[in-house]
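Heads up, the thing below is written out as structure tokens.
None of the figures in this text is laboratory data; all of them are computed from the coordinates on show. The structure displayed is predicted, hence computed values, not measured ones. Glycine also receives a Cβ, built like all others from the backbone with ideal geometry; neighbour counts cover every protein chain displayed.
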Amino acid sequence: MAGRKWGGTLLWRGVASITVFLVFWEIGSLSKVWLKWETFAWLKEMLVSIGWTKNYLPWIGAVPAPTEVLLAWGKVIDDVGYWHSWYMSCLRVLGGFIAAMVIGIPFGLLLAVNRTAFGIGFPVFEVLRPIPPLAWVPASIIFWPTQELSIAFVTFLGAFYTIVINVIGGARSIDTRYFQAAQSMGSSSWDIFRRIILPGTLPSIVVGSAVGMGITWEVVVAAEMISGGGSQIGGTSGGGLGFFIWNSYVGGSYEQIVVGMISIGIAGFISSELLRTLGHRVTPWLRLR
Amino acid sequence: MNEGKVVKPKIEAGEIVVENVDKFYGDHHFRKEVVKDCSFKIERAKLTVMIGPSGCGKSTLIRLLAGFEKPSAGVITIDGKPIDGPGRERLVLFQETALFPWMTTYDNILYGPRARGELTKETLELAEFLLSKVGLKEFRKKYPTQLSGGMQRRAELARAMINNPRIMILDEPFRGLDAMTKELMWEYYSALYEENRRTNFFVTTDIDEAIFLADRLLIMSNIPTQVRAVLEVDIPRPRKLTDIVENDRANEIKMQALSILHEEAMKSFSRGSKAAADFVEAYSKRSAKA
Ligand SMILES: Nc1ncnc2c1ncn2[C@@H]1O[C@H](COP(=O)(O)OP(=O)(O)O)[C@@H](O)[C@H]1O
Ligand SMILES: [Mg+2]
């Protein structure tokens, strides 16, 4: 139930922590300037003594400064290609995720309530599940007619397993008391399914979806990098945020790499917030302890 | 809105007869006898209370009556027909709440009628009536987790009553509630019972609860359980909470019941039961005070 109370001290702390983070990042990145100064000769000596001879701080010194990143962002913000990358990635995530829900929830419920279906379906599922979605990339490029479909398929797999496992677990953990109570009040099997199993599994569906959504973003970015981005609209960076990053790397624009990374961070945050809000809406009984 | 009006469903009180019932668990190598040659009757339109030491097999008997399990031997009949599986003419309230957490109080109460497609105007009126009877009118839109323990039990009573079962079976429903809430629950529950006199079967380990509620009191032996004695609790209704301490007849029945339970405890005490030791100690203190 955390993260519900935006505002007040929580908001203030969030702003403060991000500001501090940015300031440190800026100072660290600018080390290529200030490490040369007389004042920091001691630090330079210390670094040399541990074998670091470059004239900027290790790791952080090589990262573009926030101000530089912001400047690069300003350049792409009115670029159609950048927004098309957003659009493509969101579309793929949404497509794969919705497909995973539409197929995964009924599939999981079927395995949970039907012994025969479980006996047939679960072993296959368990054999396929340990295969990481990204291992499917080459195969799915061969199977599916278009690159777009193969990316969507890999994205779908990312969320599918998590959702199914959560649905099965959730439905199985519904207390037998509820079934006995429903039965003794004259419920039919359909009624029990609709009014006991479905709402009883809903919290697990919400959790599964949230986790699945996270995996979906991981997978889509990687899939876009591997497959070369799919469609190419709006110049060099039209194939999704993953491809945007890859393209920036190839083009040597390190600021743009960071722009792409932060964009994905923002996209992931927005989608998990949306899901959380939606999850709260469909399970009102959980937030009222 | 229905405050004054009494909505009465047509009551068909049922009767359960338990005849020579055995219940064993495990196989013949390691057999646990929980119920042995047990016979009793749950009389029509009466509130029968069963009292017995913890672990004597009361809940096991309830599962047999509910039809969730089958007896190893003997028969249980309801209105002459042998019980075969759960049925909606017998509603069971268990020790733990079984309110559906994802439904509001109101939706919980209407669960049964909706399930059977009997959501008529009369049913809705009955729901209103029961809501006010159990003091939950203001809490109709709340979810079970927002209700106190006592409110949850009351909501469950209402949810059971609306189905107008021929027999209500309750397994230590007020266990775990604090003393004050418990007494409040006795009042709610006995008022509901007096309202429409359906057949009730109530299991408890609390002698005060038993005396306050019962028309008939079944006193059970230790495991494997049997009926040790049947006492008629002929105290007029409606009863007051003070009756349990002040009414002479109530005290008489109480001492009688306690001494039978004491005898039972002594038997298992001599067999080395720890629970029985506690009871014997508590009983000795109580009789010294009386
Ligand atoms: N399914 C079972 N298998 C084996 N033993 C059981 C089973 N159910 C109950 N028992 C035993 O029966 C005894 C009585 O249990 P129970 O009916 O719950 O007692 P009570 O409700 O009177 O406290 C206990 O000792 C318990 O271990
Ligand atoms: Mg019990």
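Inside 10 Å of the C-beta atoms of A:171-184, what's the mean count of C-beta atoms belonging to other chains?
5
With charges set only on the Cβ (+1 for Lys and Arg, -1 for Asp and Glu), what does the dipole of region B:249-288 come to about its Cα centre, in debye to the nearest 20?
Value, rounded to 20: 40 debye.
Across peptide B:105-114, how many C-beta atoms of other chains are within 10 Å of each residue C-beta, on average?
2
For region B:135-290, what relative contact order do you get, as a whole percent, if you take Cα pairs closer than 8 Å and at least 6 residues apart?
15
How charged is the neighbourhood of A:Phe156? Take every other residue with its Cβ under 15 Å from the Cβ of A:Phe156, and add Lys/Arg as +1 and Asp/Glu as -1.
Taking every other residue near A:Phe156 into account, the sum is -1.
Shape call for chain A from the C-alpha gyration tensor, a ≥ b ≥ c root eigenvalues: rounded (a/c under 1.5), prolate (a/b greater than b/c) or oblate?
prolate
Can you tally the net charge around A:Gly279? Count Lys and Arg as +1, Asp and Glu as -1, for every other residue whose Cβ sits under 11 Å from the Cβ of A:Gly279.
It works out to a net charge of +2.
Going by average Cβ neighbours within 10 Å, how do the peptides B:38-47, B:55-64 rank, with the highest at the top?
Top to bottom by mean Cβ count within 10 Å: B:55-64, B:38-47.
Tally Lys and Arg at +1 and Asp and Glu at -1 over the other residues with C-beta under 12 Å from the C-beta of B:Pro238: what net charge comes out?
Combined, the nearby Lys, Arg, Asp and Glu give -1.
Would you mind listing how long chain B runs along its three principal axes, going by Cα atoms, in whole Å with the largest first?
Largest first, chain B extends 58, 46, 33 Å along its Cα principal axes.
Going through region B:194-290, which trypsin sites (Lys or Arg not before Pro) have at most 15 other Cβ atoms within 10 Å and a DSSP loop state?
Loop-located and lightly packed - B:Arg197, B:Lys240, B:Arg271.
Given the options A:Ile142, A:Ser204, A:Ala41, identify the residue whose Cα lies farthest towards the positive end of the charge dipole of the protein assembly as shown (+1 on Cβ of Lys, Arg; -1 on Cβ of Asp, Glu).
The listed residue farthest towards the positive side: A:Ser204.
Identify which of A:Gly239, A:Gly51, A:Gly121 has the largest mean-square fluctuation in a Gaussian network model of chain A, with springs joining Cα atoms closer than 10 Å.
Among A:Gly239, A:Gly51, A:Gly121, the largest mean-square fluctuation in the Gaussian network model of chain A belongs to A:Gly51.
Take chain B, connect every pair of alpha-carbon atoms lying under 10 Å apart with a spring to form a Gaussian network, then pick out the residue of B:Ala115, B:Ala277, B:Ala73 with the largest mean-square fluctuation.
Maximum among the listed residues: B:Ala115.
Using label points projected 7 Å from each Cα along Cα→Cβ, tell me how many nm separate B:Glu43 and A:Leu94, to one decimal.
With each label placed 7 Å out from Cα toward Cβ, I get 7.1 nm.
From the helices alone, meaning DSSP H stretches of at least four residues, give me the mean residue ellipticity at 222 nm for chain B, per-run term -39500 (n - 2.57), in deg cm²/dmol to the nearest 500.
Estimated from H runs of four or more residues: -12000 deg cm²/dmol.
Exceeding 32 Å between C-alpha atoms, which entries from my cross-link table qualify? They are B:Lys58/B:Lys141; B:Lys142/B:Lys274; B:Lys41/B:Lys133; B:Lys32/B:Lys81; B:Lys58/B:Lys81; B:Lys133/B:Lys274.
Pairs exceeding the cut-off: B:Lys58/B:Lys141; B:Lys142/B:Lys274; B:Lys133/B:Lys274.
Which of the three applies to region B:120-190, rounded, prolate or oblate, going by the alpha-carbon gyration tensor with a ≥ b ≥ c and a/c under 1.5 meaning rounded?
Cα axes put region B:120-190 in the oblate bin.
Under 10 Å, Cα contacts only: if you run a Gaussian network model on chain A, which one of A:Gly14, A:Gly208, A:Gly200 comes out with the highest mean-square fluctuation?
Among A:Gly14, A:Gly208, A:Gly200, the largest mean-square fluctuation in the Gaussian network model of chain A belongs to A:Gly14.
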